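The values are calculated or read from the model by the stated rules, or taken from the named source; none is laboratory data. Note that the structure is a prediction, hence the values are computed from the model and not measured. Reconstructed Cβ throughout: ideal geometry from the backbone, glycine too, with neighbour counts over all protein chains shown.
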Amino acid sequence: MRIIAGQNRGLRLAEIGAGDPAAHLRPTTDRVRETLFNVLRNWIDFQGLRVLDLFAGTGALGLEALSRGAQHVTFVENGRVGQKLIGENIARMRAQDRCQLLAQDATKLPPGTPCDLVFLDPPYGKSLGQQALRSAWAQGWIAADALVIFEEASAVTPEGFVLRDSRKFGGTTMTFLQPIQAPAESDER
C-alpha cells in the first residue's frame, strides 16, 4: 500500500503482514482508493479539511486525505494491530502534529470537533457503521455540510443522511452521504 497523490505521493505504508487473524483488517486497495479520491477531487477541495476516519484499520484513507491537503485527521480504531499500523503510518508521513488516534470503539465516541469529511469502513453486515455514524453525529464530529463515505457490502443510507452517490468496487460499495438535518441533542453528550 502507498499514498496515491499529494505531498506524500508514493510513500509506502506499513506492511500488514500476516498480522493477527482476529484483527480482520481489510484495507481499501490502492486502486479503489485512487478511484475514490478521483471522485472526491471533483466534489471537494482537500485544503484545510478536518477528517474523521472511523474503523480506520491502517489509516490509509485519512492519510491520503492528509497528503492531499487536509488540515487534520482523527483516526478511530479499537484493534491493537490497526492502532500499531496507524501509528507507524503517521510516523512515516511525519504527520504526528496533524493527526490524533482515538484507541476506542467507534460506536461510543466522546464529544468532538466537527469534521468536513468522514470515512467509515466498518466490518460488513453488522450495522456497526450505522451505530458509529449515529454516535459521531450526536457527539458533534460531523459538520452540517460534511461528506461521508460509507464502505459496506451494499449501499447504505442511514437515517438523517441523504444519498449523493454510490459506487460498486467488487464486493465493496462506497456510498457518498450528506447530513440532511442538524444533530439532535443526545444523552451520549
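Just to be sure, is ALA91 in a helix (DSSP H, G or I) and at pLDDT 95 or above? Judged against the criteria, ALA91 is a match. Considered as a group, the residues in the stretch 104-135 that are among the charged types (D, E, K, R) and under 15 Å from VAL51 (Cβ atoms) include one that is modelled with the highest pLDDT, and that residue is ASP116. One residue alone among LEU101, LEU52, LEU66 is in contact with a Ser or Thr (Cβ under 7 Å, 6 or more places away or on another chain), within 25 Å of ALA146 (Cα to Cα) and either part of a strand (DSSP E or B) or modelled with pLDDT of 95 or more (or both), and that residue is LEU52.
For the stretch 71-85, residues that are touching a residue at least 24 places away in the same chain (Cβ under 8 Å), assigned to a helix (DSSP H, G or I) and closer than 13 Å to ASP53 by Cβ total 2. Being more than 21 Å from GLN71 (Cα to Cα), among the aromatic types (Phe, Trp, Tyr) and either in contact with a Leu (Cβ under 6 Å, 6 or more places away or on another chain) or at pLDDT 90 or above (or both) holds for only one residue in PHE161, PHE169, and it is PHE161. Among the residues of the stretch 149-160, is there at least one that is touching a strand residue (DSSP E or B) at 6+ places or on another chain (Cβ under 7 Å) and of a type in the set (Ser, Thr, Tyr)? Within the stretch 149-160, one or more residues are touching a strand residue (DSSP E or B) at 6+ places or on another chain (Cβ under 7 Å) and of a type in the set (Ser, Thr, Tyr).
If the condition is being loosely packed, with under 12 Cβ neighbours inside 10 Å, at pLDDT 85 or above and of a type in the set (A, V, I, L, M, F, W, C), then the stretch 1-46 contributes only TRP43. Please give the strands (runs of 3 or more DSSP E) falling wholly within the stretch 140-184 in which 1 or more residues are in contact (Cβ under 8 Å) with a residue 40 or more places away in the chain, within 19 Å of LEU54 (Cα to Cα) and touching a Ser or Thr at 6+ places or on another chain (Cβ under 6 Å). So the answer is 142-152.
Could you tell me whether any residue of the stretch 86-93 is surrounded by fewer than 24 Cβ atoms within 10 Å (Cβ to Cβ), at positive phi and either without any contact (Cβ under 8 Å) to a residue 40 or more places away in the chain or touching a Leu at 6+ places or on another chain (Cβ under 8 Å) (or both)? No: the stretch 86-93 contains no residue that is surrounded by fewer than 24 Cβ atoms within 10 Å (Cβ to Cβ), at positive phi and either without any contact (Cβ under 8 Å) to a residue 40 or more places away in the chain or touching a Leu at 6+ places or on another chain (Cβ under 8 Å) (or both).
In summary, LYS126 fulfils each of the numbered conditions (1) in contact (Cβ under 8 Å) with a residue 12 or more places away in the chain; (2) under 23 Å from PHE161 (Cβ atoms); (3) in a loop (DSSP other than H, G, I, E, B) with the single exception of condition (1).
Conditions (1) within 14 Å of the chain's Cα centre (by Cα); (2) surrounded by 14 or more Cβ atoms within 10 Å (Cβ to Cβ), marked per residue:
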{"residue": "GLN96", "(1), (2)": "no, no"}
{"residue": "GLN104", "(1), (2)": "no, no"}
{"residue": "PRO123", "(1), (2)": "yes, no"}
{"residue": "LYS126", "(1), (2)": "no, no"}
{"residue": "ALA132", "(1), (2)": "yes, yes"}
{"residue": "SER135", "(1), (2)": "no, yes"}
{"residue": "TRP141", "(1), (2)": "yes, yes"}
{"residue": "ALA144", "(1), (2)": "no, no"}
